[in-house]
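Peer 1: Right, I'll just put the structure down here and ask away after.
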Amino acid sequence: MNMKYQSLFESFKFPCGLESKNRLVLAPMTHWSSNPDGTVSEEELPYYQQRAQGVGVAISAAVMVALDGKGFSGQFSVHNDDMIAGLTKLANILKNNGSLAVLQLHHGGRMSPPDATPDGKIYSASAIPAEREGAPIPEEMTEAHILQTIQAFGDATRRAIQAGFDGVEIHGANTYLLQQFFSPHSNCRTDRWGGDVHQRMAFPLAIIDQIKQTVATYSKKPFLIGYRFSPEEIETPGITFEDSLLFAETLANKELDYLHVSTNDFWSGSMRDQNDKTSRVLGIYNKVGHKVPIIGVGSIRTPDNALKALETGVSLIALGRELIAEPKWVEKVQNNQLNSIRTTISKKDQVELIIPNNLWNMMNTVPYWFPMVD
Ligand SMILES: Cc1cc2nc3c(=O)[nH]c(=O)nc-3n(C[C@H](O)[C@H](O)[C@H](O)COP(=O)(O)O)c2cc1C
């Protein structure tokens with residue numbers, strides 16, 4: 001290995017005591033390829049096997065904790081015990097080469113497509129649709145439904161433990177249900193689940209407490225709990241960076257193993273104020289990085305980018321599309337094969353890269369998402 005990159009390969013100990021063999025993380029990425037009943041498909045396993053080998057922590061795609069929170073077609077599920085067998089296979093594949101396996105727990109809320117949920121209904125904090133053309137109006141969740149959903153996150157954690165995962169990541173980012181409760185755009189409740197910025201934290205905090213209680217009851221060994229959130233929303237009203245700094249401070253006092261700041265570009269500034277160029281990831285790190293490990297992510301394409309990002313002080317760097325394009329990204333840095341790191345994807349590469357069909361179709365359909373070349 002070129003010693004320049006040595007710091008990327010230093011181990012890292014999380015607060016719970018588990019140790020990552022290096023500073024690189026497989027970012028959670030949905031692949032639309034699970035079986036129709038929500039079980040893990042045979043197509044997904046080799047895809048993960050390829051990408052989990054080099055990283056210290058491998059985070060799964062978002063897995064639904066309840067059927068009414070299904071966010072995508074082909075999403076896999078952890079909503080009942082029948083899912084545990086497939087999830088066990090997945091956990092084993094992710095852990096195969098000494099990586100920590102983390103299951104990302106998700107509920108789509110108002111972002112769920114109504115045709116994906118059992119009764120065609122979707123739910124959120126308030127009956128306010130997302131700001132996009134034709135977005136369906138969700139039903140406001142009742143108190144009982146909120147409590148049932150919190151329980152579902154706890155039950156999902158119990159299943160993750162039984163399947164052999166090393167931890168769970170709570171998906172509080174990217175406009176899904178937990179973010180909807182924190183956002184003044186989607187949460188106009190006047191009961192104990194809504195109100196000012198602090199009151200809007202109530203739902204995600206209750207989920208964290210439920211998960212912690214579940215881990216204390218069911219896990220015989222250290223178990224990671226991470227929280228992923230998006231630092232801003234574009235809408236007005238919407239989550240501001242000031243809101244997120246307050247939330248990050250609260251999360252930092254919850255004794256979590258990490259906060260994962262979800263951005264498309266590690267270095268990007270505010271999406272609400274074009275004049276504010278300060279990296280959102282670093283803003284969060286500067287506020288709470290002394291209390292809780294931070295994972296940074298977003299367009300970290302080269303080993304030099306990864307080094308520069310790590311040198312800011314964040315604990316770990318997550319790679320998403322980079323590991324789809326180059327499953328051996330980490331090993332190639334380690335073996336000093338930098339010139340052979342693939343940065344574009346040719347239409348002929350699907351089989352060699354072991355990419356499930358539905359993910360491949362998305363990659364070829366959504367413009368500018370992936371570095372596709374002819
Ligand atoms: C195909 C695809 C699927 C994704 N699915 C998820 C997901 O399930 N959960 C999540 O939190 N983020 C998801 N993301 C966001 C990534 O985790 C990551 O934050 C983003 O791609 C930026 O990192 P990158 O530039 O390294 O790809 C997804 C991204 C891609 C490209």
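Peer 1: Per residue of the stretch 117-134, in order, report the coupling 6.51 cos²θ - 1.76 cosθ + 1.60 (Karplus, θ = phi - 60°) as ³J(HN,Hα) in whole Hz, putting x for Gly and Pro.
Peer 2: 8, x, 10, x, 9, 10, 9, 8, 4, 9, 7, 10, x, 5, 7, 8, 3, x
Peer 1: In addition: What residues have an amide H closer than 5 Å to that of His260, excluding those fewer than 5 places away on the same chain, when H is modeled at 1.01 Å from N in the peptide plane?
Peer 2: Tyr227, Arg228, Phe229, Ile295
Peer 1: What is the order of Val197, Val65, fewest Cβ neighbours within 10 Å to most?
Peer 2: Val197, Val65
Peer 1: If a/c stays under 1.5 just call it rounded; otherwise compare a/b with b/c (prolate if a/b is bigger, oblate if not). Do that for the stretch 252-304, with a ≥ b ≥ c from the square roots of the Cα gyration tensor eigenvalues.
Peer 2: Since a/c reaches 1.5 but b/c is at least a/b, the shape of the stretch 252-304 is classed as oblate.
Peer 1: Please arrange Ser270, Ser34 by how many other C-beta atoms lie within 10 Å of their C-beta, fewest to most.
Peer 2: The order, fewest Cβ neighbours first, is Ser270, Ser34.
Peer 1: Taking θ = phi - 60°, what integer Hz values does the Karplus form 6.51 cos²θ - 1.76 cosθ + 1.60 yield along the stretch 178-193, in sequence order, with x for Gly and Pro?
Peer 2: So the Karplus estimates, Gly and Pro as x, are 5, 5, 4, 6, 7, 8, x, 6, 9, 10, 10, 5, 10, 8, 6, 9 Hz.
Peer 1: Using a 10 Å Cβ count of at most 13 others and DSSP loop calls, identify the longest part of the chain lacking such trypsin sites (Lys or Arg not before Pro).
Peer 2: Counting only loop sites that pass the neighbour cut-off, the longest clear stretch is 1-120.
Peer 1: Please report, to one decimal in angstroms, the Kirkwood hydrodynamic radius of the chain built from all distinct Cα-Cα pairs.
Peer 2: After inverting the pairwise mean of 1/r, the radius is 20.7 Å.
Peer 1: Charges only on Cβ, +1 for Lys and Arg, -1 for Asp and Glu: so what's the dipole of the stretch 271-322 about the Cα centre, in debye to the nearest 20?
Peer 2: So the magnitude is around 140 debye.
Peer 1: What does the charge dipole of the stretch 3-373 about its Cα centre add up to, to the nearest 20 debye, if the Cβ of each Lys and Arg holds +1 and the Cβ of each Asp and Glu holds -1?
Peer 2: Rounded to the nearest 20 debye, it is 1080 debye.
Peer 1: Can I ask one more? I need the phi-derived Karplus couplings for the stretch 255-271: 6.51 cos²θ - 1.76 cosθ + 1.60, θ = phi - 60°, integer Hz, Gly and Pro marked x.
Peer 2: Taking θ as phi minus 60°, the curve returns 6, 8, 7, 6, 10, 10, 8, 7, 9, 7, 9, 3, 9, 6, x, 6, 8 Hz for the stretch 255-271.
Peer 1: Choose one of Leu245, Pro46, Ile122: the residue whose Cα lies farthest towards the positive end of the charge dipole of the chain (beta-carbon charges +1 Lys, Arg; -1 Asp, Glu; about the Cα centre).
Peer 2: Pro46
Peer 1: What do you get for Rg/Rh of the stretch 217-261 when both radii come from the Cα atoms and Rh is the Kirkwood radius?
Peer 2: Expressed as Rg/Rh, it is 1.13.
Peer 1: For the stretch 304-374, just the Cα atoms, rotate onto the principal axes and tell me the three extents in Å, largest first.
Peer 2: That works out to 37, 24, 19 Å along the principal axes.
Peer 1: Using only the alpha carbon atoms of the stretch 14-55, find the Kirkwood hydrodynamic radius as the inverse mean reciprocal pair distance, in angstroms to one decimal.
Peer 2: Kirkwood hydrodynamic radius for the stretch 14-55: 12.4 Å.
Peer 1: If the limit is 25 Å between Cα atoms, which of Lys221/Lys291; Lys89/Lys220; Lys95/Lys212; Lys70/Lys332; Lys287/Lys308; Lys89/Lys308 go over it?
Peer 2: Cα-Cα > 25 Å for Lys70/Lys332; Lys89/Lys308; rest within.
Peer 1: Can you give the % of DSSP beta bridges in the stretch 3-373 that are antiparallel, to the nearest 5?
Peer 2: Bridges in the stretch 3-373 are about 5 percent antiparallel.
Peer 1: Further question on the same structure: Report the gain in length on full extension from Val366 to Lys291: 0.36 nm times residue separation, minus Cα-Cα distance, nm rounded to one decimal.
Peer 2: Net length gain for the segment: 23.2 nm.
Peer 1: Something else about it: Please work out whether the stretch 211-337 counts as rounded, prolate or oblate from its C-alpha gyration tensor, where a ≥ b ≥ c are the square roots of the eigenvalues and a/c under 1.5 means rounded, while otherwise a/b larger than b/c means prolate and anything else oblate?
Peer 2: It comes out oblate by the Cα gyration axes.
Peer 1: Counting only GluC sites (Glu not before Pro) that sit in a DSSP loop (anything but H, G, I, E, B) with at most 16 other Cβ atoms within 10 Å, what is the longest stretch of the chain containing none of them?
Peer 2: Answer from the scan: 134-234.
Peer 1: Return the long-range amide H neighbours of Cys188 (sequence gap of 5 or more, or a different chain), with a cut-off of under 5 Å between placed amide H atoms.
Peer 2: HN-HN under 5 Å from Cys188: Ser126.
No value in this document is a laboratory result; all are computed from the given coordinates. Here the structure is a predicted model, which is why all the values come from computation and not from measurement. Positions of Cβ are generated from backbone atoms using ideal geometry, with glycine treated the same way; all protein chains shown enter the neighbour counts.
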